[in-house]
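Each remark here refers to the structure printed beneath this line.
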Amino acid sequence: MPSPNFPAELASIPYEEVIGTPLRAAVEANASASMTAAEFIREVGFTEPVVGEAEPVTVDFAYERREVDPETGSERIESHTMTVPLLLLIHVPYFEVETVSIDFNVKLNSVEAFSRSTEFEFGVDNETEGGFDLGFIDGKTKTSVNMSYQSSTRRGHEVERTYDQRVHVEAGSIDPPEGVSKLFSALETTITDVTGDGDDAGEEE
C-alpha cells in the first residue's frame with residue numbers, strides 16, 4: 001500500500017479562499033464604513049429642501065459680552081448671536097480596518113490500518129468393521145482426517161485532516177478624507193457673529 005501523498009493533500013486546500021475571504025470582508029467593511037460616514041454627513045449636516053439646494057444645518061448660540069467704550073470709559077453689555085454649522089460641532093465617524101492577521105493551521109495525520117483474520121478447521125472420522133472368528137476379534141478401522149486453513153490480511157491508509165483558522169482584525173479612527181476637510185474649511189467661513197442692541201451699563205441716572 002503506497003504512503004499518503006502529503007504534498008498533494010496540502011495542494012488540494014483552497015488557500016485562495018482561506019486567505020481571500022477575510023481580505024474581501026475587510027475591503028467590504030471599509031467601503032461600508034465610508035458609505036456610513038457619507039450618509040451621516042448628508043443626513044445630519046445638510047437640509048433636504050423640497051425646492052432648491054441643500055443648505056448646511058446650523059446652530060445658533062446667544063451670549064452677552066461686556067464692552068468698554070475706549071473714549072468715554074463707560075461699560076455696556078452687548079448681545080451676540082453666533083451661528084455655527086452643525087458638522088463643525090460633532091465628530092464624523094471615520095473608521096477603517098488597519099490590519100488583518102490570518103493564522104491558518106493544517107494538521108495531517110496518517111493512520112495505517114492492519115487487520116488479519118484466520119480460520120482453521122480440523123475434523124476426524126473413524127469407521128470400524130469387525131466380527132468374531134474362533135474366539136478372535138477380526139476387524140479393521142478406517143480413519144479419515146479433514147483439515148482446512150484460511151488466512152486473510154488487509155491493510156489500508158487513512159489521512160486525518162484538522163484545520164484551525166483564526167482571523168484577527170484591528171480597526172481604528174482615521175482622519176477625514178481631503179474632500180471632507182475642504183468641506184469643513186468652507187463651513188468655517190459661514191460662521192457668523194451678530195451683535196445685537198445692548199443696554200449701557202455704568203451710566204449715571
How many residues are modelled with pLDDT of 85 or more, touching a strand residue (DSSP E or B) at 6+ places or on another chain (Cβ under 6 Å) and of a type in the set (A, V, I, L, M, F, W, C) when one looks only at the range 161-205? 6
Kindly list, by first and then second residue, each pair from a residue in the range 168-181 that is in contact (Cβ under 8 Å) with a residue 12 or more places away in the chain to a residue that is small (Gly, Ala, Ser), limited to pairs with Cβ atoms under 6 Å and residues at least 6 apart or on different chains. His168/Ser101
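If I ask for residues that are in contact (Cβ under 8 Å) with a residue 24 or more places away in the chain and outside any strand (DSSP E or B), which ones from the range 66-80 would you list?
Ser74
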Subset of the range 35-63 (residues that are assigned to a helix (DSSP H, G or I) and touching a residue at least 40 places away in the same chain (Cβ under 8 Å)): Thr36, Ala37, Phe40, Ile41, Val44, Gly45
Filtering the range 1-14 down to residues that are in contact (Cβ under 8 Å) with a residue 60 or more places away in the chain and either under 24 Å from the mean Cα position of the chain (by Cα) or in a helix (DSSP H, G or I) (or both) yields Phe6, Glu9, Leu10, Ile13
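To keep it simple, each residue is scored yes or no on (1) out of contact with any Phe, Trp or Tyr (no Cβ under 8 Å at 6 or more places or on another chain); (2) at pLDDT 85 or above.
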residue: Pro22; (1), (2): yes, yes
residue: Ala26; (1), (2): yes, yes
residue: Arg42; (1), (2): yes, yes
residue: Gly45; (1), (2): yes, yes
residue: Val51; (1), (2): yes, no
residue: Pro70; (1), (2): yes, no
residue: Met82; (1), (2): no, yes
residue: Val92; (1), (2): no, yes
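The values are calculated or read from the model by the stated rules, or taken from the named source; none is laboratory data. Here the structure is a predicted model, which means the values were calculated and not measured. Cβ: placed from backbone, ideal geometry, glycine included. Neighbour counts: every protein chain shown.
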